[in-house]
Structures are given as structure tokens and as C-alpha cells.
Amino acid sequence: MIIATSEILDNIDKTTILFFSAPRCAPCKKLKPQLELLNLNIDIICVNVYEVEHNIINKLDISCIPTLYIHNPTKKIDPTNKYQNSDINKVKEFFKKEGIVIENKLQLDDNF
């Protein structure tokens, strides 16, 4: 997982998941290591909502955290292309629906 800067966000050239979170957010702290355990066919960039410019937050209509946004540089920014949930099983369902291939490195259970 890469930690985002504005420069990185401006130069994303492939489909990428933006993981909007905050260091003290309990659901974010729970979800981040679970995301790292997934083998995805897509990069994840962690975006600290306290350190990113507010125009990015506003443009994507990020209203709560954690939020996962699928950024596709060939498409127009779509604020509805996001998912707001910290339940890893629901996140995996969202990824599958969006065509993101998932292979667990370790088996995750609901109590993780």
C-alpha cells in the first residue's frame, strides 16, 4: 500500500483503489491490514483525509471514512464509484462486483 501525496494522486496512470482514511479512525485501522492481506490485481493508495487537499475530497464527495474509491484515469471522475464500509467481506463483494480479482494471502475470518 502506498501513502498518497498530491503529486502521486495527480499522476495516477492506471486503475487504482484510493483508500480514504485517517490515522485515528478505528474502522480504518481495522480495514487497512485486512486490505493488505488481499492479493489484488490493482494498486491501493492510502489517502489520509487530513493531509490531502480538500479539493480532492470535495471532487470525489468523500463524506465519511473509510471510503474506497476506484480511480480510472481514462474515465471521468465519478463520485458514485466508491464504497463506504469497513466490513472486509462486504468490501470483497464490492471488489468482485467491480471486476477486481482477489486472492487471499491468508484466510480472513469475520472476527479479524
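The values are calculated or read from the model by the stated rules, or taken from the named source; none is laboratory data. Worth saying up front: this structure is predicted, and the values here are computed from it rather than measured. A quick note on method: Cβ atoms are made from the backbone with ideal geometry, for glycine too, and the neighbour counts reach across all protein chains shown.
Of note:
- The range 11-34 - residue that is in contact with a strand residue (DSSP E or B) (Cβ under 9 Å, 6 or more places away or on another chain) and charged (D, E, K, R) and, of those, surrounded by the most Cβ atoms within 10 Å (Cβ to Cβ): Lys32
- Lys76 exposed (fewer than 14 other Cβ atoms within 10 Å of the Cβ), in contact with a strand residue (DSSP E or B) (Cβ under 7 Å, 6 or more places away or on another chain) and without any contact (Cβ under 8 Å) to a residue 12 or more places away in the chain: no
- Beta carbons closer than 9 Å, at least 6 apart along the sequence or on distinct chains, pair a first residue in the range 8-37 that is within 14 Å of Tyr69 (Cβ to Cβ) with a second that is acidic (Asp, Glu) and not in a loop (DSSP other than H, G, I, E, B) for Ile12/Asp43; Thr15/Asp43; Thr16/Asp43; Ile17/Asp43.
- Ile45 falls short of the stated requirement of being part of a loop (DSSP other than H, G, I, E, B), at pLDDT 85 or above, β-branched (Val, Ile, Thr) and touching a strand residue (DSSP E or B) at 6+ places or on another chain (Cβ under 6 Å).
- Contacts under 8 angstrom Cβ, first residue in the range 41-62 being at positive phi and surrounded by fewer than 17 Cβ atoms within 10 Å (Cβ to Cβ), partner part of a strand (DSSP E or B) and not hydroxyl-bearing (Ser, Thr, Tyr), 6 or more apart: Asp61/Lys82
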